[in-house]
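Here the structure is laid out as structure tokens; the discussion comes afterwards.
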Amino acid sequence: MKVSATISASGSGFAPILFQGDYAQQIQEAARIGFEAVELHIRDPNRLDRRAVLRSIKEAGVVVSTIGTGQAYVDEGIFFTSGNEEIRLAAIERIKAHVDFAAQIGARVIIGTIKGPLPEKEPERAVARARAKDCLLECAEYARESHTGLTLEAINRYESNFLNTAEEARRFIEEMGSPVVGLHLDTFHMNIEETSIERALRDNADRLVHIHLADSNRWAPGMGHLDFPSILSTLRDIGYEGYLGIECLPLPDGETAARQALGYLQNLLSEA
């Protein structure tokens, strides 16, 4: 298991991203601190200086684990469950752009908040859920053609009302039946939604392809009350070989949080 640092363009200091700013520079910074992998959160890959990013990745000697897509929903309001067809199509095309870039660098594409919210009542709720499924299936087929994987993230009830638990996300993935869509879990969200983080990991081991780590307070691992020795032990037991993406608040600042997360997790991993 390798530890991956989250990077995005400049934004809110309260976003759960370690490094914010110019992608090429922040990739170099993550590598300088000791990260072997990075997770790039990108609003629109078509507006990205890909050449500079690719050059920085090569020079830094890191790999890109995953591409985050949530900024397209947060900043532009495009999402799969929308009742507006133009908005749904825009979300699909944006994910396809993410897939194109991910295919260049061998990364997976995260499907999180861009799936959108559900209406509170039926039958509108079921209709919106079906829209999300259709959109994601189109994206999955596009990703399959370029041999790129997607990760569907379970997000807690205070940030989304759609696919909150590991079981809910797993059932949705199984309904789709696409081989390129895997389960994505996050310890911060799991601490809210699951009765046992370890049990949820074990129950969904065969679908788990990516995991985000943050402590109970969304600070870096080791700064709250989550039992990370037990969590990492469980991941070893289930044979998880994916990345440990650090999606935590950059507090007290990004570099300090990055060093705390990396050092703490490397110590735990070395004890195996």
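The values are calculated or read from the model by the stated rules, or taken from the named source; none is laboratory data. None of these values were measured; they are calculated from a predicted model. We place every Cβ from the backbone using ideal geometry, glycine too, and count neighbours over all the protein chains shown. The area values use the complete protein model at the heavy-atom level, side chains included, leaving out ligands, DNA and RNA. Shrake-Rupley method; radii C 1.70, N 1.55, O 1.52, S 1.80 Å.
Brief remarks on what is shown
- Only one entry in 37, 31, 72 is buried (at least 19 other Cβ atoms within 10 Å of the Cβ), closer than 23 Å to residue 218 by Cα and more than 18 Å from the chain's Cα centre (by Cα), namely 31.
- The lone criterion from (1) surrounded by 23 or more Cβ atoms within 10 Å (Cβ to Cβ); (2) closer than 15 Å to residue 143 by Cβ left unmet by residue 100 is number (1).
- Condition met for residue 218 (basic (Lys, Arg), surrounded by fewer than 22 Cβ atoms within 10 Å (Cβ to Cβ) and within 17 Å of residue 243 (Cβ to Cβ)): no
- Some residue of region 148-163 being open to solvent by less than 60 Å² (accessible area, probe 1.4 Å), under 25 Å from residue 213 (Cβ atoms), out of contact with any strand residue (DSSP E or B) (no Cβ under 8 Å at 6 or more places or on another chain) and of a type in the set (Gly, Ala, Ser): yes
- Within region 126-147, being of a type in the set (A, V, I, L, M), open to solvent by 10 Å² or more (accessible area, probe 1.4 Å) and under 20 Å from the mean Cα position of the chain (by Cα) holds for one residue alone: 137.
- Scoring residue 121 on the criteria (1) touching a Gly at 6+ places or on another chain (Cβ under 6 Å); (2) surrounded by fewer than 17 Cβ atoms within 10 Å (Cβ to Cβ); (3) of a type outside the set (Asp, Glu) leaves a single failure, condition (1).
- When region 75-109 is limited to residues that are over 20 Å from residue 243 (Cβ atoms) and polar (S, T, N, Q), the one that is farthest from the chain's Cα centre (by Cα) turns out to be 84.
- Residue within region 81-100 that is closer than 23 Å to residue 2 by Cβ, touching a helix residue (DSSP H, G or I) at 6+ places or on another chain (Cβ under 8 Å), touching a residue at least 24 places away in the same chain (Cβ under 8 Å) and not hydrophobic (A, V, I, L, M, F, W, C) present: yes
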